[in-house]
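Starting off with a structure, shown below.
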Amino acid sequence: MRGIRNMGAAAAVLCLGFALAGCQGETTAKVGEAAPELGAIDLDGNTVRLADFRGDVTVVNFWQGGCAPCLTEMPKIQAFHEKHMSDGVHVLAVNIGGGPRIIRDTIAETGVTFDFAFDEVFVASTRYQVNFFPTTYIIDGNGIVRDRIVGELRPGQLETRLADLR
């Protein structure tokens, strides 16, 4: 009986996530259009708002725990973050389907220092059409989606895309 209750609770959370994903109508991320809000939570329990990064180029990397390419690219993202954090470039990694423990474990294992958030109920992944991990979006300082990169980042790829925005 307890397992059935847990399944019911999980189903309710999943339904809530899908309902929240549709709160802004059919808003999904499209290159050349305004970036939709993420619907993700940071490690302090606060909702992450893209508007807080307005004026900065924002790199949003969607990943999952246990995803080898996701973890392999984190040092590349860290190097990019260290090089550009004082240049008006913000990096945010959003874990899909996991929670704070997965993020904290990943930070401890990799030593990365950029910002993290999580999307346990798949709101952000729905809005950003994330069907493959990792997926990275580049959002300009005006909040417009400028690029979508599906798959593991290649060395220098973020640098090239950033140069295209300047």
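The values are calculated or read from the model by the stated rules, or taken from the named source; none is laboratory data. All figures in this text were calculated on a predicted structure; none of them were measured in a lab. In this analysis, Cβ positions are derived from the backbone assuming ideal geometry, glycine residues included, and neighbour counts consider all displayed protein chains. Accessible surface areas use protein heavy atoms only, side chains included; no ligands, DNA or RNA. Shrake-Rupley method; radii C 1.70, N 1.55, O 1.52, S 1.80 Å.
Whenever you get a sec, compute what percent of the accessible area on the range 90-134 sits on carbon and sulfur atoms (1.4 Å probe).
Working: 930 of 1860 Å².
C and S atoms contribute 50 percent here.
May I pose another question? With the other protein chains left in place, how much accessible area per residue, in square angstrom, belongs to the range 23-114 at a 1.4 angstrom probe? Walk me through the numbers before you get to the answer.
On the way: 4430 Å² over 92 residues.
Using a 1.4 Å probe on heavy atoms only, each residue of the range 23-114 averages 48 Å².
Net charge near THR72: determine it from the other residues with C-beta under 14 Å of the C-beta of THR72, scoring Lys and Arg +1 and Asp and Glu -1. Intermediate values should be presented prior to the final figure.
On the way: positive: LYS76, ARG154; negative: GLU73, GLU109, GLU152.
Computed value for this residue: -1.
Turning to a different aspect of this structure: Quick one: which residues, 5 or more positions from ASP115 or on another chain, have an amide H under 5 Å from its amide H? H modelled 1.01 Å from N in the peptide plane, none for Pro or chain starts.
VAL91, ALA93
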